[in-house]
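Below is one structure; the comments refer to it alone.
Values quoted throughout were computed directly from the atomic coordinates according to the rules given, and no laboratory measurement underlies them. Values in this document were obtained by computation on a predicted structure and should not be read as measured data. Neighbour counts are summed over all protein chains in view; Cβ atoms, including those assigned to glycine, are modelled from backbone coordinates with ideal geometry.
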Ligand code: DGL
């Protein structure tokens, strides 16, 4: 089954790599909405309408399972996408519930975009699953800029991570939720800056398991690697350099998507 994946940019590659590793035989069509990146500073209704255009495009190209590899887009658009399209739509939200179950200090830090944190769905998650837990939210727009620029380590990445984590550590958080798909690419820097007792949660592997559970043909799990086609709504030139950094060892084809 053809899996369509979308994100504001290259962050969703952190989900793509998990899906491909579980389902190497499933063809993937990924659209990076680079000309609109970032989503994190945009109002929810703008994100919702834009994501609908991307979904229309992926469906017109034969997508059979749609993966919203973007927390911000899921928070604001997954409900309307599920109501509109007659196919499975897999989304992802900041992992508040697992974090609340895991914390021993009673304080969790959620790193996510401003758009995700402002969303009604995010507030519902906290109210439903984190009663009695202190949830500290922290938008990290700089992380998205760094990953989009292919900067995954070094002094700039280190400074951004240190600044983001300081208030969470000060408050006693012992679980960090990577609530934006760009952030897992900075996980090694985050791990290096966090004390050993900190747990870090990335939702990518759970999303991949959910997608695998929807695949009706079990041979997709074992087949030779299928085509992974990556398109961008922005400039395709930087994409090739980013692919080598973010998806090393994974064969892809690239192209441009014109989505008005
Ligand atoms: N990767 C996205 C997310 O998971 C959005 C990042 C952005 O464009 O601000 O929320």
**OP:** Take the Cβ-Cβ distance between residue 61 and residue 129 as r, set R0 to 51 Å, and report the resulting FRET efficiency rounded to the nearest 0.05.
**Re:** 0.90
Original post:
Once you sort the root eigenvalues of the Cα gyration tensor of the range 132-260 as a ≥ b ≥ c, which label holds: rounded (a/c under 1.5), prolate (a/b larger than b/c) or oblate (the other case)?
Top reply: oblate
Original post:
Does anyone have the angle between helix 236-246 and the longest principal axis of the chain? Alpha-carbon axes, 0 to 90°, nearest 10?
Top reply: 60
Original post:
Over the chain, what is the percentage of antiparallel beta bridges among all DSSP beta bridges, to the nearest 5?
Top reply: 0
**OP:** Once you have a ≥ b ≥ c as the square roots of the Cα gyration tensor eigenvalues for the range 1-89, tell me rounded if a/c is under 1.5, and otherwise prolate or oblate according to whether a/b is larger than b/c.
**Re:** oblate
**OP:** Would you please classify the overall shape of the range 1-152 from the alpha carbon gyration tensor, given that a ≥ b ≥ c denote the square roots of the eigenvalues, rounded means a/c under 1.5, and beyond that prolate means a/b larger than b/c while oblate covers the rest?
**Re:** prolate
**OP:** Just grab the label-to-label distance for residue 83 and residue 158, each label 7 Å out from Cα along the Cβ direction, in nm (one decimal).
**Re:** 4.9
Subject >> Cβ-derived FRET efficiency at R0 45 Å, residue 191 paired with residue 214, nearest 0.05 >> reply: 0.90
Subject >> Degrees, to the nearest 10: 71-84 long Cα axis against longest axis of the chain >> reply: 50
Subject >> Where the Cα pairs of the chain fall when distances are cut into 10 Å bins, in % >> reply: 7, 32, 37, 20, 4
